[in-house]
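One structure below.
The values are calculated or read from the model by the stated rules, or taken from the named source; none is laboratory data. None of these values were measured; they are calculated from a predicted model. Using ideal geometry, Cβ is built from the backbone for each residue, glycine included, and neighbour counts are taken over all protein chains shown.
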Amino acid sequence: MQVSIAAPMRAPVIGRMRVMLVESPIRMPRAQGVGAVKGSVKRVLLQLTTREGIVGWGEAAPWEVFTGTPEAAFAALDTYLRPLVVGADARRLRTLMASMDRVLVGHPESKVAVEMALLDILGQSTGLSVADLLGGRVRDAIPLSFSIADPDFAADMARMRAMVPAGHRVFKVKTGVKPHREDMAHLEAIRDAFGDTIDLRLDYNQALEPFRAMTVLRDVDRFRPTFIEQPVPRRHLDAMAGFAAALDTPVLADESCFDATDLLEVIRRQAADAISVKLMKCGGLLKAQAMMAIADTAGLPGYGGTLWEGGIALAAGTQLIAATPGISLGCEFYMPHHVLTEDVLEERIANHDGAVVVPEVPGLGIRISEASLKAGAKHLAEAG
Ligand SMILES: [Mg+2]
């Protein structure tokens, strides 16, 4: 019997690193409680090319009131991470991620941008999707949550009236931005219009003070949300534990849970029933999976949250959730289809029947050209 062994793949060594600070216009204003967004969002795009010419893409999408600034992410990549990335073998991913943590504190957004670009390259050079590289897909579609965050509530109601018949079921209302009685009226209007056909979630984005929060939360509990996200500021874990114990509705930690260290504290103090997993908070797809191993063990499901990512980072998030069983509460990857007026992808990742469809193609499953890059965003700075 003849045994054939495939030729070893040529080392995918990074030959070129290009970093771009871009700004994309957005279609609708967003009021989130901590930092309203209107007009445009800035992000950093990363293009890595191997010596053989395989191109991988990454994106760092910080938010200044949450994780950091896009200008700092640009400097982190261009000045501090470049010496480690150029010349690196993409197959030594964990080694590179560990060295990046040694030379630069924080900057999770920049580090995950490098990781997704390397996974994109590894996927393309092996014919595997990033989800395959992360252990294989456990789901082919991810329920998509749309955030009700327009300062003009009537505009959001009109959107929901169009979206629900098109198959959208999951909506997350940004509460705590407007006065409580307005939130109550809006939640009532939503339940009146759509009844229990929709999966309603609430996100306070840290807006409540612990002093009065329990009264407010008991009020909104009557609308039977699937979860209440981050009612109080990040540091008030004891107050979060109080809500989690007292309310029937699960409490989800977002700002209180950036990474595995935060998660251990959330679990130790029983401060939440679920967590929001964001690549821009935890700084890596592998790190997100390691975090979810802890969360799974403690019985906490994950939710695929976002900041203001465009299509590249959301493609990475899509692959992560496809391959991570515990992130079972859906995702909010609605930016490219509903908010960004332009994105740099040739084609956006498909949404179907209220869900993000996980692409089957190698790597991140996206295509970007010089033309789409030019047409999709204003370029503020470029290096490499
Ligand atoms: Mg949140």
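Quick rundown of the values:
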item	result
Residue satisfying condition, being touching a residue at least 24 places away in the same chain (Cβ under 8 Å), surrounded by fewer than 22 Cβ atoms within 10 Å (Cβ to Cβ) and in contact with a strand residue (DSSP E or B) (Cβ under 8 Å, 6 or more places away or on another chain), within set 218, 234, 191, 161	191
Filtered residue count, region 32-49, keeping only those that are surrounded by 15 or more Cβ atoms within 10 Å (Cβ to Cβ), modelled with pLDDT of 65 or more and more than 28 Å from residue 90 (Cα to Cα)	2
Of the criteria (1) under 19 Å from the mean Cα position of the chain (by Cα); (2) more than 16 Å from the ligand (Cβ to nearest atom), which one residue 264 fails	(1)
In region 200-221, the residues that are closer than 19 Å to residue 148 by Cα and within 16 Å of the ligand (Cβ to nearest atom)	200, 201, 202, 203, 204, 205, 206, 207, 208, 217, 220
Selection count where residues are at pLDDT below 95 and more than 20 Å from residue 333 (Cβ to Cβ), scope region 129-152	2
Meets criteria (in a helix (DSSP H, G or I), at pLDDT 95 or above and touching a strand residue (DSSP E or B) at 6+ places or on another chain (Cβ under 6 Å)) for residue 121	yes
Answer from 156, 120 - the residue that is within 27 Å of residue 280 (Cα to Cα), away from the ligand (no atom under 16 Å from the Cβ) and touching a His at 6+ places or on another chain (Cβ under 9 Å)	156
Of residues in region 222-233 being among the charged types (D, E, K, R) and within 26 Å of the chain's Cα centre (by Cα), the one farthest from the ligand (Cβ to nearest atom)	224
Test: residue 84 is more than 19 Å from residue 378 (Cα to Cα), modelled with pLDDT of 95 or more and outside the structural domain of residue 256 (by TED's automatic domain parsing)	yes
Count of residues meeting criterion [surrounded by fewer than 24 Cβ atoms within 10 Å (Cβ to Cβ) and not polar (S, T, N, Q)] in region 71-84	8
Scope region 254-267; condition surrounded by 20 or more Cβ atoms within 10 Å (Cβ to Cβ) and either among the hydrophobic types (A, V, I, L, M, F, W, C) or under 14 Å from residue 202 (Cβ atoms) (or both); matching residues	254, 257, 258, 263, 266
Region 241-253 - residue that is farther than 17 Å from residue 200 by Cα and not aliphatic (A, V, I, L, M) and, of those, farthest from the ligand (Cβ to nearest atom)	242
Subset of region 342-384 (residues that are on the phi > 0 side of the Ramachandran plot and under 17 Å from the mean Cα position of the chain (by Cα))	365
Scan of region 102-115 for residues that are out of contact with any Lys or Arg (no Cβ under 7 Å at 6 or more places or on another chain) and assigned to a helix (DSSP H, G or I), ordered by number	102, 103, 109, 110, 111, 112, 113, 114, 115
Of all residues making up region 327-344, the number that are within 17 Å of residue 141 (Cβ to Cβ) and touching a helix residue (DSSP H, G or I) at 6+ places or on another chain (Cβ under 8 Å)	4
Tally of residues being part of a helix (DSSP H, G or I) and acidic (Asp, Glu) across region 241-274	2
Odd one out for residue 120, checked against (1) closer than 28 Å to residue 26 by Cα; (2) touching a helix residue (DSSP H, G or I) at 6+ places or on another chain (Cβ under 8 Å); (3) crowded, with 16+ Cβ neighbours inside 10 Å; (4) outside the structural domain of residue 63 (by TED's automatic domain parsing)	(4)
